[in-house]
Amino acid sequence: MWVLWALLRGRGSPLRRATDRREARVALAALLLLVFGAPAAGWAGGTAADAALQRSVRAQHEERHPVDAVVVGPAGRERSAGDPGGGVERGARTRVVASWEAPDGTPRTGEVAAASRPGGTGSPVRIWTDAAGHPVPPPMDGRTARTHAVLGGVGTFLLAAACVEAGRRLAVGCMVRRRYARLDREWAAVGPDWGRAGKGG
């Protein structure tokens, strides 16, 4: 930081060029953005994601209802359309064939996912259904939503930091290319007269 400040103030080596000061300004701007801008972007992204996820959690809890069902038998190999969860969720939940009543009193029977390992035939099991009585995955809980929001904020921070570093590299690269182009032009201008001084003396 002190080196950047010294470059900006123009103190130190008399061989320092104006391009060095410009590069120091770019580096200082990138540092400030990394220290203040990227965390602010991560916080804003996480906050926005948390608000959206919490709305989704509330909506899911309003649309999905816990229902007490009765185990009819073991489930088959095929997964029902009412439980589209994959991978970890599917492996953590036990599937059985159960019977339950829809909100309008209509008896229903189908393959469902139980939150815990149920007993044998005739044992009770808690499932989740929608307003029409169809089995659905359980609603997301607030803690899971908050975890996803935190991960979203971290991802936003990393993306912002990567953009700042990419911008710094691009700006410095342009400066370096312009510097070499100027040196090439200056060298081409003095090249034909190089070494002629003192000849014929």
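The values are calculated or read from the model by the stated rules, or taken from the named source; none is laboratory data. In this text, all values refer to a predicted model and were calculated from it rather than measured experimentally. Using ideal geometry, Cβ is built from the backbone for each residue, glycine included, and neighbour counts are taken over all protein chains shown.
Restricting to segment 97-132, give me the number of residues that are of a type in the set (A, V, I, L, M) and either touching a Leu at 6+ places or on another chain (Cβ under 8 Å) or modelled with pLDDT under 85 (or both).
Total meeting the criteria: 3.
If you check every pair at least six apart or on different chains, which have Cβ atoms under 7 Å apart with a residue in segment 142-165 that is outside the structural domain of residue 31 (by TED's automatic domain parsing) first and a residue that is loosely packed, with under 14 Cβ neighbours inside 10 Å and assigned to a helix (DSSP H, G or I) second?
Here the result reads none, with nothing in segment 142-165 linked to a residue that is loosely packed, with under 14 Cβ neighbours inside 10 Å and assigned to a helix (DSSP H, G or I).
In contact (Cβ under 8 Å) with a residue 24 or more places away in the chain and over 27 Å from the mean Cα position of the chain (by Cα): is that true of residue 173 in this structure? Steps first, please.
Working: in contact (Cβ under 8 Å) with a residue 24 or more places away in the chain: no; over 27 Å from the mean Cα position of the chain (by Cα): yes.
For residue 173, the condition - in contact (Cβ under 8 Å) with a residue 24 or more places away in the chain and over 27 Å from the mean Cα position of the chain (by Cα) - is not met.
Would you be able to say whether some residue in segment 182-194 is in contact with a helix residue (DSSP H, G or I) (Cβ under 7 Å, 6 or more places away or on another chain) and modelled with pLDDT of 80 or more?
No, segment 182-194 has no match at all.
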